[in-house]
Every structure is written in C-alpha cells, then in structure tokens.
Amino acid sequence: MGGMANLGEIVIEPDEPVFHHTWEGRVHAMTMASPTRTNIDAGRHQRELIAGPEYLAMTYYEKWFRSLTELVVAHGLATPAEIADGRAAPGFQASTPGLSADAAAERLARRGSYLRDGPSPQFAEGDAVRARTLNPPGHTRLPRYVRGRLGVIAARRGAHVFPDSHAHGKGEDPRPLYTVRFTARELWGPDANPLDSVCLDLWEPYLERA
Amino acid sequence: MAHDHHDHDHGDDHGQEPPSDMALRVKALESLMVEKGLVDPAALDAIVDHFEHKVGPRNGARIVARAWTDPAYKARLLGDATAAIAELGYAGGQGEHMVVVENTPTVRNLVVCTLCSCYPWPVLGLPPVWYKSAPYRSRAVIDPRGVIAEFGAPPAEDVEVRVWDSTAEIRYLVLPERPAGTEGLDEDALAALVTRDGMIGTRPL
C-alpha cells in the first residue's frame, strides 16, 4: 500500500503494551506453534488473501486469527464447527504437539538465515536498473509503487529464498537480492525533495538493466 | 469491534469486564487445539513470555549505546550488523539479516514495511500498532517528512531523508545521533536515552 493516499491518521499511543489483549498474544503464539506453520512467505500470502475492504477494517491480530483458523481448516485439522465450539467432535485422534516449551524458546533465539547458494548476481553496485512491471497472480514482494521505475543498485545481498516461489510450495528457488535506491522524484514526481530517496530490497527477477 | 477501547486491557479473563467476542473465539480455538494435541499450552506461554519480557527496544538501546561509546564496535555494526548484534546476545526470527543505518547531521533514516509489518524483533520486540497500520505503511514512503513531522521533530529542508522499505528478510535499525551534552554518561545511562522511535527513525533523540 506504499504511496496510497488518505488511509487515515497515524495514531501514536504512548506507553503501548506489547499485546493490548491477552487473546492477541495467544493468537501470535498459536500461529507460531501450530502444525499449520509452513514458511514465512506462505503465512504472509495467507494474510494477503483477505479481501481488501475487510483487510483494511481488521486489526493486525484479527487478520492473524482469520488466517490461522483458515489454515487449520485447510489442513484438515479441525472443522469450522469445532473451532466455533472450542471442542473436538467425538471420535478424534489426539496428536502430539510438535513444539514443546523448550523447543519454542530455542526456536525464538535461533540464528536463522535466508541466504542460500544460488545464481551469480547479474548486477553490480552502481548499476542502473528498472523495476519490472509485473503483476503475478500470487504472492510477490515487488511493491506496486516501484514497478516501472528507475533505480540504482545500492548493495548486493547474496542469494535469498525467493518469496514468489516459496509462498506457493514451489521450493526456495534462491535468487540474488539487492538493495535498490530510487530517488523520491523518480517515484513521486517533481514536488519531492531532491535529496530524498527510498531503498527497497528486491530480487533479481524483479529487475532489468536500464 | 473488539478494540473500541484501547486502554490497557489485559483483563480479558480477569473479570473486570465481560470477555470480548474475539477473546471468546480465541479461547475456543486454543481449547480445541490443545484438546486435539496440536499445540502445547506451555509452548504458547513461553512464546508470549518471550515477546512480553525477553525482546523489546531495551535490546536495541544497548546496541546503540555500545556503538556510541566504542568506535570499533560501531564500525563492526555498520559493516556486519547481524554479527555485531549477536555479539551482545541478540538473534532470532525477524533479525536474521540486520542492517544498521546511521543518522548524521545531514541524513535522517526512516524504516517502514509497506507490504506487511516487518520489524527487527530481536532488537526492538514487536512493533507498535501505528507501525503496522495502513496510514503509516502507505505514507512513510511518499511523505516521510510529513510523517516525521507528526512525531514532533521535522527534518530541515537541507537534510536528506532516506526511507528503507523492508521488502525482503533484511531488517533495518536506525543508529540515532548521540544527543549533545552526554559526553560524561556511561553506557547504561546512554542506553536509557535511546527510544524505540529513535531506532525506527520517526523521532530523533
């Protein structure tokens, strides 16, 4: 939604708690501990499937709750009726939870990585590139506001897991990742301050040589 | 809506008020998932405890204070932030690939995630509601000066504003300028001056 106008005021809450309600923390924790958890890109894609008008009207953890219940049903782990009742239908077979408290603590502190061996980067620092105009039907991390715009490679970041594949169960498909700098004037026009810029982290398939 | 009141309402199930619809629905889901053996309630407790007590902006503040007092550390932090942050014991999900960007008298940095709500959890904890909200996510890239002004300290016209949109798994932390008149302070006292908003870039210290 970068660059969209008139989406409301930024409301700054002093001394904000980590979770505003107990249930928010439980939703966060259940999402992380649930066997429906696959990978970060699939999780993001699931939340993006919420229709736009609803998405804008929901709070952050309402979206997480919606996505979690949909995934639990999609994985065949419970029916909507069971979720509404909070009780399993008779005759179910109990599983063993995949994540213990100790394993949860270990996972939260683990030093993971999205860097992988992958193709050599085509672009070098300082190269002029254009963000491609792409509108894939599924998940992508190429924001609309840079599509078709000219930028400069500010840094090479190695090959990273590619969300457009990863979100859809098509493997990690690592691709070179770059930090790309766009001037504010290129993105927003002549009224922008000529000093200003926006940097994004973009995978090579999003870019072409300019 | 479950959130008409934004006062501190950790009392969903402590009897001060009737549980909200969302509280009941989430409780029902948790009961079901526990009954079916899909989640261990002790693991849920551990995860909530992690976010409420183990991560938060105090972690990031320690990094900033160390960078202010130890030039060699600052150089490592600006060169390989992930490794330098791990030196102080901070690592984990949403902090796998850290980059630290430095504010100077002529450059202000501002961090946003226009696509979702990416935020460096190990060093700042979970993001505030405004950071995850549509107004901030939409405006930070097109009107960063206006956004920063709303937080109280607008940048001068001749100061460069650099926005970092966290579109991949790289997470950004702003190294704020050290406030004037703090030469005599030790690392702990300096860390106490560092704010969450200073490390997001919405408000200098």
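Points to keep in mind about this one:
- Note on chain A: helix-only mean residue ellipticity at 222 nm, from DSSP H runs of 4+ residues weighted -39500 (n - 2.57) and normalised by residue number, equals -8500 deg cm²/dmol.
- Gyration tensor (alpha-carbon) shape descriptor, the stretch A:22-109, a/c threshold 1.5: oblate
- Kyte-Doolittle at least -0.5, axis length at least 20 Å by Cα - qualifying DSSP helices, chain A: A:60-74
- Taking every residue in A:157-164 and counting other chain Cβ atoms within 10 Å of its Cβ, the average works out to 2.
- Solitary cysteines of chain B, where the nearest other Cys Cβ is not under 4.7 Å: B:CYS116
- Counting all C-alpha pairs of the stretch B:20-79, share separated by more than 16 Å (%): 65 percent
- Averaged over the residues of peptide B:97-103, the number of Cβ atoms from other protein chains lying within 10 Å of each residue's Cβ is 2.
- For the stretch A:62-209: rounded, prolate or oblate by the Cα gyration tensor [a/c cutoff 1.5]: prolate
- With contacts taken as Cα pairs under 8 Å and at least 6 residues apart, the stretch A:115-209 reaches a relative contact order of 32 percent.
- Partner aspartates and glutamates whose Cα lies under 19 Å from the Cα of A:LYS170, excluding those fewer than 8 positions away in the same chain, are identified as A:ASP41, A:GLU48, A:ASP117, A:GLU204, B:GLU169.
- Whether the protein assembly as shown is rounded, prolate or oblate, judged on the alpha carbon gyration tensor where a/c under 1.5 counts as rounded: prolate
- Placing unit charges on the Cβ atoms of the charged side chains and taking the dipole of the protein assembly as shown about its Cα centre, the candidate lying farthest along the positive direction among A:PRO194, A:PHE65, B:GLY201 is A:PRO194.
- Take each residue of peptide B:120-126, count the partner chain Cβ atoms within 10 Å of its Cβ, and average: the result is 2.
- The mean sequence separation of alpha-carbon pairs under 8 Å and at least six residues apart, normalised by the residue count of chain A, gives a relative contact order of 18 percent.
- Highest mean first, the peptides A:15-28, A:161-174, A:84-97 sorted by other C-beta atoms within 10 Å per residue fall in the order A:15-28, A:161-174, A:84-97.
We did not get these values from a lab; they are worked out from the coordinates using the rules stated. A quick note: this is a predicted structure, and the numbers were derived from the prediction, not measured. Because the Cβ atoms are built from the backbone with ideal geometry, glycine has one as well, and the counts that use them run over all protein chains shown.
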